[in-house]
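**Q** I'd like to ask some things about the structure below.
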2 protein chains.
Amino acid sequence: MAKNTATAAPTERSGGDAARQPTRRERRTLRQEAAVNAAFTLAEREGVAGLTMRRLGQELDVDAAVLYRLFRDKDELLLAVCERTIETILGEIGEVPGDEPWQDTLRRIAEATWQVQTRFPAITVLTFARTTGGPCEARLVELQLATFTRSGLAPAAAVLYYRTFVDTALGLCAHSAALSSLDPEVREKDATAWTRVYAHLPADEYPATRAHIDQLSSVSQKALYDTAVEAVIAAIERAADGS
Amino acid sequence: MAKNTATAAPTERSGGDAARQPTRRERRTLRQEAAVNAAFTLAEREGVAGLTMRRLGQELDVDAAVLYRLFRDKDELLLAVCERTIETILGEIGEVPGDEPWQDTLRRIAEATWQVQTRFPAITVLTFARTTGGPCEARLVELQLATFTRSGLAPAAAVLYYRTFVDTALGLCAHSAALSSLDPEVREKDATAWTRVYAHLPADEYPATRAHIDQLSSVSQKALYDTAVEAVIAAIERAADGS
DNA sequence: GCAGAACTGACAACACCGTTGACAACGTCG
DNA sequence: CGACGTTGTCAACGGTGTTGTCAGTTCTGC
């Protein structure tokens, strides 16, 4: 075991062109990439708490201390992982046709975000509130702001709705990811809480709960996400019409 | 130092009526309440990583091992803290007039959630995806489901929009809380990332970003939250009209 | 070619974490 | 009084992020 193949990592990159001997600096970034790859596989296999420097070193057949020559600390590694996540989202978005209605572009972005964030829930939980300041993040922000500009909103309103859109999507993705990346035992405990206690509430004090008990557990996170995204898009349409 | 006064804890409770000698069981729950209180003050003073069993014991002038006689493990303590948070939200909501339009009830709930969750960001981050199965949670769910029933939605749609509303609010609160409860240094690093790198992007490749650079940092989390909440409420209104 | 610098790796150590067990003091009830 | 449940202290276990040291290896400049 303990190969550094990183099978589950997104957007595997070969890191350049020819078979030229890589310089030191290139080798360094290459190993950083490998570490980021391993972080993805490790986090998704072992959960949020499983992504530790020691285990990551183990995954790469290397002492944990070596990682501190690639990243100043664990936080910097997490930011690198976060950048890679954004890069994967950009790849999932693909090319945006110039004449695509801005609504569909937003839907495309929301869909890509959901796909990637739910593919790596542990990573999402660890990074959803961070700012990388990296190139991929910049490109994604630019794409989104350009889309909102196309909607015809005035700059101030565009920024307000841009952040509403982004944070709503991110918050929901993180919430869903947090749910699906609890420890299995805790997850079980929380999940059964619904049927365990809610089904036994006195019907006279909790009529609404009793009336909806069956439906409650059948709402999928994705349906809820889509509903929220559409609600925000509709709000933007109304704001754009009014201005 | 290390008083157990818990000044910042919400919904301080005196724990009952008379000066009757408390039974053993009452004393036990009393000390549990004290621990929960201390957990609030500690978490908000020291941040997410500062809420440890050892420091919590220190806060109560007691060895950490004692806490394991009050709660099976740290997770159970966290759930108790979560229940108390919900209790505080219920208190902030107050009495709902029977004839209040359901939209205003939802606004009231959203506002109370925001107020409480941002008052205790560290706690929010630690508990936002958990289910307590406790009485306060049950009462809050009942209140919300009853409100959605008043909107006239069919049961299935009511549940879908209920969960959309709740998860959107929770996700945004958690996102905001996560931002404001990063370590100060990390927080600084992330915050300055915007002005540090975004202000220096080439204007030809990032026109939209450059055009909105000033506005970007001036959007408050609260404004964004209100916008999202109104968007969801509007979506519910349309769904209720259509049905 | 070869010395010196730069890099890479392994190991031990530090302080801290959640958690457990053993053991002493205390009050209460029979 | 003795037995017992409760409360508290202490030490320990395995784990965490992180740092420093020391040995090799690899590259660079002369």
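**Q** With springs connecting C-alpha atoms under 10 Å apart, model chain B as a Gaussian network and identify which of B:ALA110, B:ALA156, B:ALA38 has the largest mean-square fluctuation.
**A** B:ALA156
**Q** Report ³J(HN,Hα) in whole Hz for each residue of the stretch B:133-139, in order, from the Karplus equation J = 6.51 cos²θ - 1.76 cosθ + 1.60 where θ = phi - 60°; Gly and Pro get x.
**A** In residue order, the calculated couplings are x, x, x, 5, 4, 4, 5 Hz.
**Q** Now a separate question. Just tell me how shielded A:223-230 is by partners: mean number of partner chain Cβ atoms within 10 Å of each residue's Cβ, no decimals.
**A** 6
**Q** Just counting partner chain Cβ atoms within 10 Å, what average do the residues of peptide A:72-85 show around their Cβ? Each step should come with its number before you reach the end.
**A** Numbers: counts 0, 0, 0, 5, 1, 0, 0, 4, 0, 0, 0, 0, 0, 0.
The mean count of partner-chain Cβ atoms within 10 Å per residue comes to 1.
**Q** Sort the following peptides by mean Cβ neighbour count (other Cβ atoms within 10 Å, averaged over residues), highest first: A:142-155, A:182-195. Display every interim value, and only then the final one.
**A** On the way: A:142-155: 18.9, A:182-195: 14.0.
Most protected by this proxy first, the peptides run A:142-155, A:182-195.
**Q** Enumerate the calculated ³J(HN,Hα) couplings along the stretch B:57-62 in order (Karplus 6.51 cos²θ - 1.76 cosθ + 1.60, θ = phi - 60°), each rounded to whole Hz, writing x wherever the residue is Gly or Pro.
**A** Karplus values, whole Hz, x for Gly and Pro: x, 4, 4, 9, 6, 8.
**Q** Report the per residue volume, in Å³, of the convex hull enclosing the C-alpha atoms of the protein assembly as shown.
**A** Spelled out: Cα convex hull of the protein assembly as shown, divided by residues, is 180 Å³.
**Q** Sticking with this one: Can you list, shortest first in nanometers, how far B:ARG25 lies from the same residue in the other copies, with each label 7 Å from Cα toward Cβ?
**A** Between copies, matching label points for B:ARG25 lie 7.2 nm apart.
**Q** Quick one: of A:LYS189/B:LYS222; B:LYS74/B:LYS189; A:LYS74/B:LYS189, which pairs are farther than 24 Å apart, Cα to Cα? Don't skip to the end; give the middle numbers.
**A** Numbers: A:LYS189/B:LYS222 33 Å; B:LYS74/B:LYS189 30 Å; A:LYS74/B:LYS189 15 Å.
In this structure, A:LYS189/B:LYS222; B:LYS74/B:LYS189 exceed 24 Å between Cα atoms.
**Q** For the protein assembly as shown, report the accessible area per residue in Å² (1.4 Å probe, heavy atoms, rounded to an integer). Present the calculation step by step, with values, prior to reporting the outcome.
**A** Values: 23450 Å² over 486 residues.
On a per-residue basis, the protein assembly as shown sits at 48 Å².
**Q** If you take the accessible area of B alone plus A alone and subtract the pair, what total do you get in square angstrom, rounded to 100, with a 1.4 Å probe?
**A** 5200 Å²
**Q** Hey, which residue of A has the C-beta nearest the axis mapping A onto B, and what's the distance in Å?
**A** Its Cβ sits closest to the axis: A:GLY171, 1.
**Q** Here is a follow-up. Work out from phi, with θ = phi - 60° and the Karplus expression 6.51 cos²θ - 1.76 cosθ + 1.60, the ³J(HN,Hα) of each residue of the stretch A:24-35, listed in order in whole Hz, and give x for Gly and Pro.
**A** For the stretch A:24-35, the Karplus-derived couplings read 4, 4, 5, 4, 4, 5, 4, 6, 5, 4, 4, 5 Hz, x marking Gly and Pro.
**Q** For peptide B:173-183, how many partner chain Cβ atoms fall within 10 Å of a residue's Cβ, on average? Could you put the intermediate results ahead of the total?
**A** Numbers: counts 2, 7, 10, 3, 1, 6, 4, 1, 1, 4, 1.
Average neighbour count from other chains, rounded to a whole number: 4.
**Q** Compute the orientation-averaged projected area for the stretch A:100-243 from the convex hull of its Cα atoms and round it to one decimal in nm².
**A** Working: hull surface 44.5 nm².
Result: 11.1 nm².
**Q** Percent of accessible area on chain B owned by carbon and sulfur, 1.4 Å probe?
**A** Numbers: 6060 of 11740 Å².
Accessible surface attributable to carbon and sulfur in chain B totals 52 percent.
**Q** Going by the alpha-carbon gyration tensor, a ≥ b ≥ c the square roots of its eigenvalues, is chain B rounded (a/c under 1.5) or, if a/c is not under 1.5, prolate (a/b greater than b/c) versus oblate? Mind showing how you got there, number by number?
**A** Working: a/c = 2.76, a/b = 1.23, b/c = 2.25.
Because a/c hits 1.5 or more and a/b fails to exceed b/c, chain B counts as oblate.
The values are calculated or read from the model by the stated rules, or taken from the named source; none is laboratory data. Everything quoted here is computed from the prediction, not taken from an experiment. Cβ sites come from the backbone with ideal geometry, for glycine too, and all protein chains shown count toward neighbours. For accessibility, only protein heavy atoms count, side chains too; no ligands or nucleic acids. Shrake-Rupley method; radii C 1.70, N 1.55, O 1.52, S 1.80 Å.
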